[in-house]
Amino acid sequence: MNSNNVIQAEGLTKIFGDFTAVNAITFEVKKGEIFGFLGANGAGKTTAMKMLIGISLPTSGAAQVAGFDVFTKAEDIKKNIGYMSQKFALYDDLTVKENITFFGGIYGLSKVKIKIKTKELIDDLGLDEVANQLVGSLPLGWKQKISFSVALLHEPKIVFLDEPTGGVDPITRRQFWEMIYRAAHEGTTIFVTTHYMDEAEYCDRVSIMVNGKIEALDTPKKLKEQFQVDNMNDVFLKLARG
Amino acid sequence: MGILVSNISKSYKEVKALHNISFEVKPKELFGLIGPDGAGKTTLFRILTTLLIANEGKATITGFDVLNNFKDIRKHVGYMPGRFSLYQDLTVEENLKFFATIFGTTIEENYELIEDIYVQIEPFKNRRAGKLSGGMKQKLALCCALIHKPKVLFLDEPTTGVDPVSRKEFWDMLKRLQQKNITILVSTPYMDEAALCDRIALIQNGEILQIDTPENIVKQYSKVIYDVSANNMYQLINSLKAYQHQHSVYPFGEFVHYTDTRSDFNPKELKTYLEEQKLSNISIERTQATIEDSFMEMAK
C-alpha cells in the first residue's frame, strides 16, 4: 500500500444472498484529504462504509484502512479511526465532560491524557460554561461540534462522518466545516457521506455510487466540467437518473 | 382564503419557541418556511393544524379560526409531520385505506389527486410501510395527507434525510399539486429549496427575519460578494478572518464568500494581502448572493 493512502480499496464487494450491494469498488483516499462519499438511498454507501470501518466483512476484494486489512485486522481499524454520525453521537444524559471521559476511556486513553484532552477541547470550543451540563440540553449545532471533537480524541488517522450536519443553521454549519478543514490541515483524513450536494462542494474529491458501483470520482470542479453543469446537485441528478 | 397568521407567540416554560409571528399565505401559493432546527417551524405547524394552542395571536386557515373552528380545519387540511408517522405494520395500501376511511372517503373517490404519486409506490402496495426506503415513505406519507382532498397542505420538513433524486421528484410533485388548487405551506432547513417556493419566510430562534419572494430576498442583499479561492482553504479562511476590513467570511464549497466593510473596496489590495500571507493561486471574483448569504447576513 502506498504509505500516503489512508484508504485503499480494490474490487471491494459485498453480496447479500443474490443481491450485490457493493460491486467491486476501487478507490483510494490520501492522507489529509477531505473525501466525499455520495450516493442515492440504497446505492450501497452504508454497506461500503461498514466494510471500511471494520464492522462488516467483505465478500471479496481487498481494502486497507489506516494501514490495516479489513479482512484480518478489523479490530485494529476500529481503534485507529474516528466515527461520527448525526443519528448517534453523544450520550444525551451525560454531561459534556462525562461524554469526553467516557469516549476517551473507550479508546484507551490514560487518565492524564483524558484530562489534558478535556481541557483542550473545552477551551477550543469555548464550552467552559456548559462543560457540566447535560449534552441533551445543548443546541444541535453544539452537539455536532462536540461530537466531532470527541471523534478526534484518540487522534485517529481518519474520521468517518456519516451525514454529519443536517438541520443546523448555515452559520453553524460553516463553523463545523471550518473545524473539518482544520483537522484535515493538521493531517487527519476526513471521509464524509452526505445527501446534501452543497456539502459535497466542500470536499477535495468526491465519489458517487450508483447501484453498488462508483460511477464517478474526481474533484467537484472537474466533475462539474465533465457533466457540463454548474453545481454538484446537477452532477448527481445526471448520474443517478442515468 | 389561504392561511392568515397574526402575532402568534408560543412559549414552553421559559423557552420562547415563537415570538410574534405574522404572515399570510395566499390561496394556491407554495409558501416556504426556511430555517434551521430549533427555529420554531414545527411548533408553528402544530398550531396551524390545531394540535397545539398558541399563547397569543390569531390564525385562520381558509377562513376558519384555529381555536374556534378546529374541527372544520381538520377536515380541510392535510398534514405531513416531519417524523414518519404512518403505521409501520400496515402495508402501503392499508395505510392509504385507513386514512381515507378516517376522513369518510375512499381511495377511488380522490384517486385523481394522488395518481401520479401513487403509481410510483403501487408496485409495493403490499409491502409494510416500515420496510420502505426513505423516498418511498415520503411519497406514501404525501398520498395519505392528500387522500381527503385537502384545500391546504402542511408539509413539515418533507425532504430531510432524502437523497437529491427523491428531493427533486418531491418538489416536482408539489408544483403539480399547486396546479390542482392546493395551498401549500412547506418547511425546510435547506436553503437551496427556498428558490423553489413562490414566497418564503426566513425564520430563526422563533422570529421571522424576512418574508418575500426568493428573488427579492436575494436582490435586497446589500453587500457585494466575492468568490475567493487559493491553494489552501484552511489558511485562506484564517487569513480572510484576520483581515482588518472583512465584514463576513463564509466557506461556500470550493470558494469563500467574502464581503468588505469599505464601499471603495479594491480586490487588488486583498490579493496583495493574501500573497503576503503566503497564499498562492489566488482568485477573487464578484459573485451573486444566494438565499444562504441573505440568511446569514440577517442572522449575524
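The values are calculated or read from the model by the stated rules, or taken from the named source; none is laboratory data. Because the structure is predicted, anything quoted here is derived from the model rather than measured. When we count neighbours, we look across all protein chains shown, and the Cβ atoms used for this are built from the backbone with ideal geometry, even at glycine. When the accessible area is computed, the model is the full protein with side chains, heavy atoms only, and any ligands, DNA or RNA have been set aside. Shrake-Rupley method; radii C 1.70, N 1.55, O 1.52, S 1.80 Å.
Structure data summary
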{"item": "Those residues of the range A:141-190 for which accessible area with every protein chain present is at least 20 Å² below the isolated value (1.4 Å probe)", "result": "A:GLY167, A:ASP169, A:PRO170, A:ILE171, A:ARG173, A:ARG174, A:GLU178, A:TYR181, A:ARG182, A:HIS185"}
{"item": "Accessible area per residue in Å² at 1.4 Å probe, computed on chain A", "result": "44"}
{"item": "Inter-label distance, nm, simple model (7 Å from Cα along the C-beta direction), A:LYS111/B:ASN231", "result": "4.8"}
{"item": "Minimum 30 Å² accessible area buried by the other protein chains, the range A:41-70 residues, probe 1.4 Å, relative to alone", "result": "A:ASN41"}
{"item": "Volume in Å³ per residue [convex hull over Cα atoms, computed for chain A]", "result": "127"}
{"item": "Normalised contact order of the range B:225-299, rounded percent, pairs of Cα under 8 Å and 6 or more residues apart", "result": "41"}
{"item": "Rounded percent of accessible protein surface that carbon and sulfur make up, chain B, 1.4 Å probe", "result": "48"}
{"item": "Hz values of 3J(HN,Hα) by residue in the range B:267-284 - Karplus curve (6.51, -1.76, 1.60), Gly and Pro given as x", "result": "x, 4, 4, 5, 4, 4, 4, 5, 5, 4, 7, 6, 8, 9, 6, 7, 10, 10"}
{"item": "Selection from B:ALA230, A:MET49, A:LEU239 lying farthest towards where the dipole of the protein assembly as shown points positive, charges on Cβ", "result": "A:MET49"}
{"item": "Cα Rg, Dmax, chain B, angstrom units", "result": "22.7, 73"}
{"item": "Size-normalised alpha-carbon gyration radius of the protein assembly as shown, reference 2.2 N^0.38 Å", "result": "1.02"}
{"item": "Bridge type composition, the protein assembly as shown - antiparallel percent by DSSP, nearest 5", "result": "60"}
{"item": "Area hidden from solvent between A and B (accessible, protein heavy atoms only, 1.4 Å, total, Å²)", "result": "2700"}
{"item": "Neighbour cut-off at most 12 other Cβ (10 Å), DSSP loop, trypsin sites (Lys or Arg not before Pro), the range B:1-52", "result": "B:LYS13"}
{"item": "For the range B:31-61, residues shielded by at least 10 square angstrom of accessible area compared with the chain on its own, probe 1.4 Å", "result": "B:PRO36, B:ASP37"}
{"item": "Between 0 and 90°, nearest 10: helix A:111-125 axis offset from chain A longest Cα axis", "result": "80"}
{"item": "Chain B: antiparallel DSSP beta bridges as a percent of all, rounded to 5", "result": "65"}
{"item": "Pairwise centroid distance, computed over Cα atoms, of the range B:11-29 with the range B:68-127, Å", "result": "27"}
{"item": "Percent carbon-and-sulfur accessible area, chain A, ignoring ligands, DNA and RNA, probe 1.4 Å", "result": "49"}
{"item": "Loop sites in the range A:34-132: chymotrypsin sites (Phe, Trp or Tyr not before Pro), DSSP, at most 13 other Cβ within 10 Å", "result": "A:PHE88"}
{"item": "Surface per residue (accessible, 1.4 Å probe) for the range B:200-254, Å²", "result": "42"}
{"item": "Relative contact order (%) - chain A, alpha-carbon pairs under 8 angstrom, separation at least six", "result": "26"}
{"item": "Cβ neighbours within 10 Å from other chains - mean over A:235-241", "result": "3"}
{"item": "Too-long pairs where the Cα-Cα distance tops 30 Å, listed order kept, from A:LYS119/A:LYS221; A:LYS79/B:LYS241; A:LYS73/A:LYS224; A:LYS78/A:LYS213", "result": "A:LYS119/A:LYS221; A:LYS79/B:LYS241; A:LYS73/A:LYS224"}
{"item": "Principal-axis tilt of helix B:111-121 within chain B, Cα atoms, nearest 10 degrees", "result": "60"}
{"item": "B:SER22 accessible area, 1.4 Å probe, all protein chains in place, Å² to nearest 10", "result": "50"}
{"item": "Cα-centred dipole magnitude for the range B:225-299, charges only on beta-carbon of K, R (+1) and D, E (-1), debye, nearest 20", "result": "200"}
{"item": "Relative contact order of chain B, defined on C-alpha pairs under 8 angstrom at six or more residues apart (%)", "result": "20"}
{"item": "Selection of GluC sites (Glu not before Pro), the range A:145-242, meeting DSSP coil and at most 13 other Cβ within 10 Å", "result": "A:GLU186"}
{"item": "Long-range amide H partners of A:THR189 with built H, under 5 Å", "result": "A:GLY32, A:ILE158, A:VAL159"}
{"item": "Part-to-part distance (alpha-carbon centres) for the range B:172-220 and the range A:175-197, which is given in Å", "result": "30"}
{"item": "Estimated 222 nm signal from helices in chain A, with DSSP H stretches of n ≥ 4 weighted -39500 (n - 2.57), rounded to 500", "result": "-11000 deg cm²/dmol"}
{"item": "Assigned charges on the beta-carbon of Lys, Arg, Asp, Glu; the protein assembly as shown dipole about Cα centre (debye)", "result": "860"}
{"item": "Mean shadow area of the range B:225-299, taken as a quarter of the surface of its Cα convex hull (nm²)", "result": "4.7"}
{"item": "Simple Cβ-charge dipole of the range B:3-211, Lys/Arg +1 and Asp/Glu -1, about Cα centre, in debye nearest 20", "result": "300"}
{"item": "Positive dipole terminus of chain B, leading residue within B:GLN288, B:ILE217, B:ALA201 (C-beta point charges)", "result": "B:ALA201"}
